[in-house]
1. Across the stretch 50-81, what is the number of residues that are of a type in the set (D, E) and within 22 Å of A23 (Cβ to Cβ)?
2. Would the stretch 82-94 turn up any residue that is surrounded by fewer than 18 Cβ atoms within 10 Å (Cβ to Cβ), under 19 Å from G21 (Cα atoms) and without any contact (Cβ under 8 Å) to a residue 12 or more places away in the chain?
3. Condition test on R65, is it crowded, with 16+ Cβ neighbours inside 10 Å and in contact (Cβ under 8 Å) with a residue 12 or more places away in the chain?
4. Only residues that are free of Cβ contacts under 8 Å to residues at least 40 places away in the same chain and either of a type in the set (S, T, N, Q) or surrounded by 13 or more Cβ atoms within 10 Å (Cβ to Cβ) (or both): list them for the stretch 108-124, please.
5. Could you grab me the full set of residues in the stretch 1-31 that are surrounded by 15 or more Cβ atoms within 10 Å (Cβ to Cβ) and over 18 Å from R71 (Cα atoms)?
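Bear in mind that the values in this text are calculations on the coordinates, not laboratory data. Everything numeric here is computed off the predicted structure, so don't read it as measured data. So basically every Cβ, Gly included, is an ideal-geometry build from the backbone, and we count neighbours across all protein chains shown.
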Amino acid sequence: MAFNSRGAQALRARIARAMEGAATAATGYAYDALNTAGSGVHYPGNPNPSSRPGEYPATQSHALRDSIDKRRLSSLTWSVGAINNPPAWAAYLEFRPVSEQTPGSGPRAWATKLLHDPQLHTAILEGLRGAS
């Protein structure tokens, strides 16, 4: 059986489109998840109610949301996340020290929450299928 380089190139191009579709879907889902008001207390001076533990962080300044993007690392590899000038406090939201938590407060682990979000997984699979 002979190697078909044209077929291999076509397959690689199809996989590359699928990976880009998955990255686009993940970026869109993350952007939307970080573009919501919380269901917690609405503090004076904040445009939206704060989030409660377990929710994605409530949008107050759009800085975290606006840092979400995708970047091609190779033809088949993409990076998705807070990669466009993320705010310094993004890591604090994810890893807030226990010593600084009060009842009802705590980390808003947005990156970890995204990694384990079944709706994100569904969006990625749809992006893979739709682009291939």
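1. 2
2. no
3. yes
4. The answer is A109, A111, T112, H121, T122.
5. Once the filter is applied, which keeps residues that are surrounded by 15 or more Cβ atoms within 10 Å (Cβ to Cβ) and over 18 Å from R71 (Cα atoms), the stretch 1-31 yields nothing.
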